[in-house]
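Presented below is the structure to which this report refers.
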Amino acid sequence: MESEIFNNIETEIKIILNKALQNIEISSEEALKLLKVHGKEFFALQYTANEICLEKKEDIITFVINRNINFTNVCFQGCKFCSFSLPANHEDAFCLNLDEIKDRVIEAKKLKCTEVCIQGGINPNLKFDFYLDILKVVKEVDKNMHTHAFSPQEIFFMSKLYSTSVENTLKELKMAGLDSIPGTAAEILVDDVRKIICPNKVSTQQWIDIISTAHNLKIPTTSTIMYGHIESLKERIEHLNVLREIQKETKGFTELVPLPFVKVNPILSKLEIHPLNPSYGMADLKLFCVSRLFLNNYVDNLQCSWPKLGPKFAQVSLNYGVNDFGGTLIEENISKSAGAEYGEYLPPEEIIKIIQTAGKHPAQRDTLYNIKKYY
Ligand code: SF4
């Protein structure tokens, strides 16, 4: 029986939502219509996203105990949304040595982390062996620590340092201990947008090739979308469609993490010729719901980013198709440098409380979504 929430909503929206409820793929045009709904149609969208999420995940919200290690902030790429990177001669520029990285992994082990997430700027002073040594150091400390490391941009850079293909580079990294890759550097996978916000980064096709190569080598990755800057709603859907098409081929994505653009500090916020199209709360919630519907049958896990949304709004998102609260993180530098107000660490006890007070059931998972403990 159809829910009463579908009474008196626009027929066109009702047809799309009913399709999604029957696990039928929705088109890009249909997804775009859903990103624009308001009022009764918005609540019907929320209902649909939650129903699909409940069917897949019941009312369990997962989280992972992990820590970030941002080993260098030196970078020459000049992405306009980034306030983390600095030139090598800046007084605040840093590059951790292997001992300092090891100390952080030891600290992660003491905090019962199951994962370290390692990413850095594109630092021209580094050698390929340094990346391999980072991976070896992690496994020396704890061979069971999951190493989630190196963005596709870093992989691309390494393949140049190593003077070989991305495939060979990934094989070497895997042998040294790489377990999975963050699906960052994706931003918006539309070249017209990338030319403005990150003109020196890999193109859409290069990002697709690197990620697909990793998946084909049985290296899973996450996927992300950074939204709420200069992109249009249509371009948000084009991005989701790129992810969906990859996943149809490879099944290598573990999750989608929508990342709202933090606009306080980046130079991108000051470019008058490319005005921002910022995302406020309702647009965030609609994107979560539409992502849940659009990626249904392909990507089961939708994660909220508490460092960017704040813990309170991240809790709200758990009622909009989201089934994962992300990680404890520790030392979250990238959002902080862009001007995000929220903390760098949420202890597991606090995450559990946030999930429970949302009326959901928390469960600790590992990086690949195997449940380790229910609460
Ligand atoms: S987003 Fe990454 S690649 Fe771009 S400038 Fe910042 S650190 Fe460098």
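Per the listing V264, V290, the residue uniquely modelled with pLDDT of 95 or more and not polar (S, T, N, Q) is V290. The set of residues in the range 95-110 being more than 16 Å from the ligand (Cβ to nearest atom), among the hydrophobic types (A, V, I, L, M, F, W, C) and either over 26 Å from G326 (Cα atoms) or not in a helix (DSSP H, G or I) (or both) consists of L98 alone. With respect to the conditions (1) of a type outside the set (K, R); (2) more than 20 Å from L368 (Cα to Cα); (3) in contact with a strand residue (DSSP E or B) (Cβ under 9 Å, 6 or more places away or on another chain), I118 lacks only one, and its number is (2).
Being more than 23 Å from P307 (Cα to Cα) and either part of a helix (DSSP H, G or I) or out of contact with any Lys or Arg (no Cβ under 8 Å at 6 or more places or on another chain) (or both) is a condition met by no residue of the range 111-118. Suppose the filter is more than 16 Å from the ligand (Cβ to nearest atom), out of contact with any His (no Cβ under 9 Å at 6 or more places or on another chain) and either of a type in the set (A, V, I, L, M, F, W, C) or free of Cβ contacts under 8 Å to residues at least 40 places away in the same chain (or both); does L86 pass it? For L86, the condition - more than 16 Å from the ligand (Cβ to nearest atom), out of contact with any His (no Cβ under 9 Å at 6 or more places or on another chain) and either of a type in the set (A, V, I, L, M, F, W, C) or free of Cβ contacts under 8 Å to residues at least 40 places away in the same chain (or both) - is not met. Residues that are without any contact (Cβ under 8 Å) to a residue 12 or more places away in the chain, within 13 Å of the ligand (Cβ to nearest atom) and in a helix (DSSP H, G or I) do occur in the range 187-195.
Pick from S337, S317: which is farther than 21 Å from T147 by Cα, within 16 Å of the ligand (Cβ to nearest atom), out of contact with any Gly (no Cβ under 9 Å at 6 or more places or on another chain) and of a type in the set (G, A, S)? Only one candidate qualifies: S337.
For every residue, the table says whether it meets (1) modelled with pLDDT of 95 or more; (2) in a strand (DSSP E or B).
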| site | (1), (2) |
| --- | --- |
| A314 | yes, no |
| N319 | yes, no |
| I334 | no, no |
| Y342 | no, no |
| E350 | yes, no |
| I355 | yes, no |
| Q364 | yes, yes |
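Consider the range 271-292 and keep the residues that are surrounded by 23 or more Cβ atoms within 10 Å (Cβ to Cβ) and of a type in the set (A, V, I, L, M). The one that is farthest from C53 (Cα to Cα) is L287.
Sort through C82, C113 and tell me the only one that's in contact with a strand residue (DSSP E or B) (Cβ under 7 Å, 6 or more places away or on another chain) and crowded, with 16+ Cβ neighbours inside 10 Å. Residue meeting the stated conditions: C113. Do we find that T250 is surrounded by fewer than 23 Cβ atoms within 10 Å (Cβ to Cβ) and over 24 Å from V322 (Cα atoms) in this structure? Considered against the rule, which asks whether it is surrounded by fewer than 23 Cβ atoms within 10 Å (Cβ to Cβ) and over 24 Å from V322 (Cα atoms), T250 comes out as no.
Among the residues of the range 350-361, is any buried (at least 19 other Cβ atoms within 10 Å of the Cβ), touching a Pro at 6+ places or on another chain (Cβ under 7 Å), basic (K, R) and under 30 Å from D179 (Cβ atoms)? Within the range 350-361 (the criterion being buried (at least 19 other Cβ atoms within 10 Å of the Cβ), touching a Pro at 6+ places or on another chain (Cβ under 7 Å), basic (K, R) and under 30 Å from D179 (Cβ atoms)), the answer is no, since none of the residues qualifies.
Scanning the range 55-83 for residues that are away from the ligand (no atom under 16 Å from the Cβ), in contact with an Asp or Glu (Cβ under 9 Å, 6 or more places away or on another chain) and not in a strand (DSSP E or B) returns K56, K57, I65.
The values are calculated or read from the model by the stated rules, or taken from the named source; none is laboratory data. This is a predicted model, so every value here is computed, not measured. Quick reminder, even Gly has a Cβ in these numbers, built from the backbone with ideal geometry, and neighbours come from all protein chains shown.
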